[in-house]
Amino acid sequence: MHRIFKQIQELLLKIPPDSFAVITKWLRVELTYTSNHIEGNTLTRAETALTVEKGLTSGSKPVKDYLEAKNHAEAFDYIVSLINQEKVDYEDVILKIHSMILNGIDDNTGGRYRNVRVRIAGADVVLPNPLKVPDLMRNFAEKLCKKPDSLLKAFEAHYKLVEIHPFTDGNGRTARLLMNLILMRAGYLPVVISPIERKRYISGINSRNTKNNLLGYHRYMLRMLKKSLDMYVKLFGERNAEPDSSLMKIGEFAKYCNVPQSTLRYYLRIKKIEPISYTNSGYMLFSKEQAGLLKKSDESLS
């Protein structure tokens, strides 16, 4: 793991300090989209951006999905406000994050520990009895407050919150926001776990839970952090770089390639093509060179 630690430090040095505000503006949409999508939210990245940036809370999707997007963005703003705060009461922070996530969706349980037994779908692990949850969370938060914020503390905080599963809903989103708060307070940047990583992400947590695979879990989270930092360097690493006006959003790119958008989205799912960049609002961007490579790829199969 020493090698990946070194790579992470090298990537951090490539990100200009003055780009933090731009990165967090972009992450407000990206983390909202990815974290909610892992939990089953049906909004696309574009719909998430509209909701977060324009306050849209109605449309063709369930109202709950729009509220989840709005709430997550506000919870992200909240953790950003805590980055430079000298001391953090982590139990209060966890309850506040959870309350914000379920605001207007389930105000009866938002910010309150569960009083019922719960299970994680598809996992064999037995979760703690609800009567034990308050004490478990109190002890967990006390340990967080005593330890200096660090990379491994962030990963362990994420895992421990999922392991205790203190809430009836919203545990995953709360755990990821808690992890990213600790990472930012420790001088790192947030981990983005894309929807395509969902199975591997859940598998990593389950393996840690059922087989005590600590090393495997840490390696996976480190890879996700490195992948996220690679993305930040690609998007924001060049100081004062001018945006490339030749890049196209998916609709324009589909027309340029003379293929339906649905075909391009299929190619994205199977990793035949990936966006070359993103707008600050989270929209995918593609280049003319990619169109040529895509055409050659299709011709080689014909």
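Converting the Cα gyration tensor eigenvalues of the chain into ellipsoid dimensions via √(5λ) gives semi-axes, longest first, of 34, 22, 20 Å. Shape of the stretch 145-294 from the C-alpha gyration tensor: prolate (a/c of 1.5 or more and a/b above b/c, with a ≥ b ≥ c the square roots of its eigenvalues).
How much length, in nm to one decimal, is gained on full extension between LYS143 and ARG265, taken as 0.36 nm per residue of separation minus their Cα-Cα distance? List each step's numbers first, then the result.
On the way: separation 122, 0.36 × 122 = 43.92 nm, distance 4.44 nm.
My answer for the length gained is 39.5 nm.
Dipole of the chain computed with +1 at Lys/Arg Cβ and -1 at Asp/Glu Cβ about the Cα centre; of MET284, ILE205, LEU50, farthest Cα towards the positive end is ILE205.
For the stretch 60-214, the square roots a ≥ b ≥ c of the C-alpha gyration tensor eigenvalues yield an a/c under 1.5, which makes the shape rounded. Net charge dipole, the chain: roughly 900 debye, given to the nearest 20, about the Cα centre with Cβ charges of +1 for Lys and Arg and -1 for Asp and Glu.
If you take the beta carbon distance between VAL116 and LEU56 as r and set R0 to 41 Å, what does 1/(1 + (r/R0)^6) give as a FRET efficiency, to the nearest 0.05?
E(calc), rounded to 0.05, equals 0.75.
Each of GLU274, GLU86, GLU39 has some number of other Cβ atoms within 10 Å of its Cβ, and from fewest to most they run GLU86, GLU274, GLU39. Positive end of the dipole of the chain (Cβ unit charges, origin at the Cα centre): among THR34, MET184, ILE8, the Cα lying farthest that way belongs to ILE8.
In square nanometres, what is the average projected area of the Cα convex hull of the stretch 82-121?
4.0 nm²
Each reported figure results from applying straightforward, stated rules to the coordinates on display, with no laboratory input. As the structure is a prediction and not an experimental result, all values here were calculated from the model. Cβ sites come from the backbone with ideal geometry, for glycine too, and all protein chains shown count toward neighbours.
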